[in-house]
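Written below as structure tokens is the structure these notes are about.
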């Protein structure tokens, strides 16, 4: 489930693959109090502090929580789904300029 801000900006956790490096989660509470994160399935992803470590293939819900303090009530949790896939072999690619000719480090357009 993507997170949509009041100005319409959509944020979503990108899909990850087994073997990807740990990545950081960032969330803010309007109170300024620290936000914690929880994984619904530690066989897919674990969270230490604000870093996510990939453990296996599958889907996991990552929830951001803020428990409040003597001044603020707890915030409603916000959750996103993280999808972890098996690594894929990527094909090489080449960029070609159509209708151009390269000479001496310069591009000359052919008419």
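Computed from the coordinates by the stated procedures, all read-outs in this text should not be read as laboratory data. Just so you know, these numbers come straight off a predicted model, no measurement behind them. Glycine gets a Cβ as well: all are built from the backbone with ideal geometry, and neighbour counts include every protein chain shown.
Just to be sure I understand the model, the point goes 7 Å from the Cα along the line to the Cβ. What's the resulting residue 59 to residue 41 distance in nm?
Inter-label distance under the simple model: 0.8 nm.
Subtract the Cα-Cα distance of residue 93 and residue 11 from 0.36 nm times their separation in residues, and report this length gain in nm to one decimal.
26.7 nm
Ranked by Cβ crowding within 10 angstrom, fewest neighbours first, how are 37, 97 ordered?
By the 10 Å Cβ count, ascending: 97, 37.
With a/c under 1.5 counting as rounded, go ahead and sort segment 36-95 into rounded, prolate or oblate using the C-alpha gyration tensor (a ≥ b ≥ c being the square roots of the eigenvalues; past the cut-off, prolate if a/b is larger than b/c, else oblate).
Verdict is prolate for segment 36-95.
Tell me, 16, 71 in order of fewest to most beta-carbon neighbours within 10 Å?
71, 16
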